[in-house]
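Visitor: Here you go, one structure.
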Amino acid sequence: MGRSGGISIDHLGIAVRSIDGALPFYAALIEGAAPVREVVDAEAVTVAMLPVEGSRIELLEPLDDDSVIAKFIEKRGPGLHHVAFRVDDLNAAIERMKASGARILHEPRIGAGGHLYVFVHPASTGGVLIELVQEQAK
């Protein structure tokens with residue numbers, strides 16, 4: 001997979017009411033993909049990651065009605081929630097974003113798969129919620 005300036009698409013986050021309900025479609029689309037499920041308490045979601053040619057699809061199911069994903073689904077319905085970019089150095093990427101005037105929504109957190117991440121507010125990105133992800137050292 002080609003990378004430009006140490007950045008590539010890590011995953012597409014898709015909000016769903018039920019991972020079990022959404023998986024038959026994605027299993028048919030991505031033949032042979034075995035989802036990796038995990039609970040991310042900080043975001044109150046269960047995620048299922050499905051590999052797609054050097055990237056992933058992340059299905060996001062809310063754990064409760066107060067989660068960000070539940071509120072997203074209530075307001076907009078299921079669908080594309082965010083685009084995540086993999087970066088080599090999350091802190092440097094955050095500083096570049098801040099220097100360009102972007103609004104970072106929180107301090108770096110540990111998410112699915114032990115990766116560090118932050119979200120960039122859609123008002124800073126032309127209306128798309130952007131996640132910056134750095135793979136943790138093994």
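Visitor: In nm, to one decimal, how far is the modelled label at GLU53 from the one at VAL83, with both set 7 Å along Cα→Cβ?
Guide: In this crude label model, GLU53 to VAL83 measures out at 1.6 nm.
Visitor: Extension gain GLU135-ALA123, at 0.36 nm per residue separation less the Cα-Cα distance, in nm?
Guide: Between GLU135 and ALA123, full extension yields an extra 1.7 nm.
Visitor: Of all the stretches in the chain, which is the longest one without any exposed loop site, taking GluC sites (Glu not before Pro) in a DSSP loop (any state but H, G, I, E, B) with at most 12 other Cβ atoms within 10 Å?
Guide: 54-138
Visitor: Rounded to the nearest 20 Debye, what is the dipole magnitude of the chain about its Cα centre when Lys and Arg each give +1 and Asp and Glu each give -1 at the C-beta?
Guide: 420 debye
Visitor: Which trypsin sites (Lys or Arg not before Pro) does the stretch 45-121 hold that lie in a coil by DSSP with at most 16 other beta carbons within 10 Å?
Guide: ARG103
Visitor: A follow-up question, please. Report the one residue of VAL47, GLY126, ILE14 whose Cα lies farthest in the direction of the positive end of the charge dipole of the chain (charges on C-beta: Lys and Arg +1, Asp and Glu -1; origin at the Cα centre).
Guide: The residue sitting farthest along the positive end of the dipole is GLY126.
Visitor: Which entry in [x] 2, 10, 18, 24, 21, 15, 8, 2, 0; [y] 2, 9, 17, 17, 14, 9, 6, 5, 4, 4, 4, 3, 3, 2, 1, 0, 0; [z] 2, 10, 18, 17, 11, 9, 8, 10, 8, 6, 2, 1 matches P(r) over Cα pairs in 5 Å bins from 0, in percent derived from the coordinates of this structure?
Guide: [x]
Visitor: Work out the FRET efficiency for ALA99 and ASP20 from their Cβ-Cβ distance, taking R0 = 35 Å, and round it to the nearest 0.05.
Guide: It comes out at approximately 0.25.
Visitor: To continue, here is another question. Stretched out fully, how many nm does the piece from LEU116 to GLU31 gain, at 0.36 nm a residue minus the Cα gap? Walk me through the numbers on the way to the answer.
Guide: On the way: separation 85, 0.36 × 85 = 30.60 nm, distance 2.88 nm.
Going from the current span to full extension adds 27.7 nm.
No value in this document is a laboratory result; all are computed from the given coordinates. Computed from a predicted structure; not experimentally measured. Because the Cβ atoms are built from the backbone with ideal geometry, glycine has one as well, and the counts that use them run over all protein chains shown.
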